[in-house]
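Right, one structure below, let's go through it.
No value in this document is a laboratory result; all are computed from the given coordinates. For clarity, every value in this text was computed on a predicted model and none was experimentally measured. Cβ sites come from the backbone with ideal geometry, for glycine too, and all protein chains shown count toward neighbours.
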Amino acid sequence: MDHVTVTTLEDFAAAWNRHDIDALMSFMTDDCVFESNAGPDVVGTCFRGRDDVRRGFMYAWQLYPDASWNDARHFVSGDRGASDWIFKGTDRDGKTIEVAGCDLFRFRGDKIALKNSFRKQRL
């Protein structure tokens, strides 16, 4: 297969919930980019390249060791796609959050080139 499908995104989401960094990185291009949901820049914190993206992905589990992305729905249209989900996690201080969020993707062939993540913020 030379393109990403909904099944690809389902498998990617399952790897997030398993906290399986090697599986996650197998979905990414060599020059991948991850724009996180928070950070100092307009795109959050931007991680570039496999090593940096790997570190950025793992940071989510460092902040929320029990992190899970639930009730995910996915779509793919050409070289773009999206997933929406409910994020739930408990931080190291014991505070639990549950918020809606989504990822916007750009694909190259059968890999993810860009993961741009967004998450609601409860007040």
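A few notes on this one:
- Only one residue of 26, 53, 4 has its Cα farthest out toward the positive end of the dipole of the chain, where Lys and Arg carry +1 and Asp and Glu -1 on Cβ, and that residue is 53.
- In the calculated pair-distance distribution of the stretch 40-122, the portion above 21 angstrom amounts to 35 percent of the Cα-Cα pairs.
- Between residue 28 and 112, the built amide H atoms are under 5 Å apart, and every one of these is 5 or more places off in sequence or on another chain.
- Near residue 71, once Lys and Arg are set to +1 and Asp and Glu to -1 for all other residues with Cβ below 13 Å from its Cβ, the sum equals -1.
- Magnitude of the charge dipole, the chain, Cβ model with Lys/Arg +1 and Asp/Glu -1, debye to 20: 300
- Rounded to whole numbers, the Karplus 3J(HN,Hα) couplings from phi for the stretch 60-74 are 4, 6, 5, 6, 10, x, 9, 3, 8, 10, 10, 6, 5, 10, 10 Hz, using 6.51 cos²θ - 1.76 cosθ + 1.60 with θ = phi - 60°, and x at Gly and Pro.
- Loop sites in the stretch 1-105: trypsin sites (Lys or Arg not before Pro), DSSP, at most 16 other Cβ within 10 Å: 92, 95
- Sequence-distant lysines (8 or more away, or on other chains) whose Cα lies within less than 21 Å of residue 120: 88, 95
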